[in-house]
Amino acid sequence: MRILLVEDDLVLRVGLKEALEQANFTVDPLGAAEPAEGALGLTTYDLAIVDIGLPGMDGFELIRRIRRRGLDLPILILTARDALEDRVVGLDIGADDYLVKPFLLPELLARIRAITRRSRASANPLISVGVLTLDPANHTADIEGSPLELTGREWSVLEQLMLAAPKVIAKQKLTDSIGHWDNELTPNAVEIYISRLRAKLAGRPVHIRTVRGIGYRLEEGAADV
Ligand code: CA
């Protein structure tokens, strides 16, 4: 899952980036709304975390612009204590949830899980395709009832494939979901993760099909040999 983080407080921004990466999210941290607006035009994000008090354009205006563009990604706002008005306005203009500073990391992670779950229009916290099940809360995967050992990026690629299934997911969208700006991945990197996942799914009744020129699709049934 790729998160756009817009927070002008450097200490908080760096701390949140590290903490979210520890939790296996991919994070693009920015200190102002203007570059964030540009980033939203270039990259597909699964979630935006937006501080309201920003230099230049404020968080409210950024959220208005995101919604005016028709982007429906979940937005979590960060507001100052006692700023009830901010929370009300933020929710009214299209934010999905808010967190009051200072907050504890477990609460942020729980809220991220909750709003991304709602945005998938499902109350089921698990993602399942056939014999495969992912648990986003615990970052675990399970196949035919046994744990499937995955690295962080393998897990992220599989999560995207499962969320897209039975549709095809574009290779670029997969690259976006696991790449960082400071460590941009080539499309070949996605191929490497796909081939590792295929090795781990070998012999199971679920496989990853390459849709030439477009991307990949997770399908039930054994792979054609
Ligand atoms: Ca601020």
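The values are calculated or read from the model by the stated rules, or taken from the named source; none is laboratory data. Source: prediction; values computed, not measured. Cβ placement follows ideal geometry from the backbone for every residue including glycine, while neighbour counts extend to all protein chains displayed.
Here are some notes:
- One residue stands out in the range 65-104 among those that are among the charged types (D, E, K, R) and part of a loop (DSSP other than H, G, I, E, B): the one that is farthest from the ligand (Cβ to nearest atom), namely D72.
- Restricting L40, L104 to residues that are of a type outside the set (D, E, K, R) and buried (at least 18 other Cβ atoms within 10 Å of the Cβ) narrows the list to L40.
- Answer residue from the range 16-37, given it is farther than 20 Å from K173 by Cα and not in a helix (DSSP H, G or I) and is farthest from the ligand (Cβ to nearest atom) among those: A23
- Filtering the range 1-15 to residues that are touching a strand residue (DSSP E or B) at 6+ places or on another chain (Cβ under 6 Å), more than 12 Å from the ligand (Cβ to nearest atom) and more than 19 Å from G90 (Cα to Cα) leaves only R2.
- Restricting attention to the range 43-57 and to residues that are surrounded by fewer than 17 Cβ atoms within 10 Å (Cβ to Cβ) and within 12 Å of the ligand (Cβ to nearest atom), the residue that is nearest to M1 (Cα to Cα) turns out to be G53.
- Residue that is nearest to the ligand (Cβ to nearest atom) [pool: residues in the range 105-115 that are free of Cβ contacts under 8 Å to residues at least 60 places away in the same chain and touching an Asp or Glu at 6+ places or on another chain (Cβ under 9 Å)]: R111
- Cβ-Cβ under 8 Å pairs, at least 6 apart or on other chains, the range 192-212 side farther than 15 Å from P166 by Cβ, far side among the basic types (K, R) and surrounded by 13 or more Cβ atoms within 10 Å (Cβ to Cβ): Y193/R153
- Looking only at the range 182-225, and only at residues there that are part of a helix (DSSP H, G or I) and aliphatic (A, V, I, L, M), the one that is modelled with the lowest pLDDT: A189
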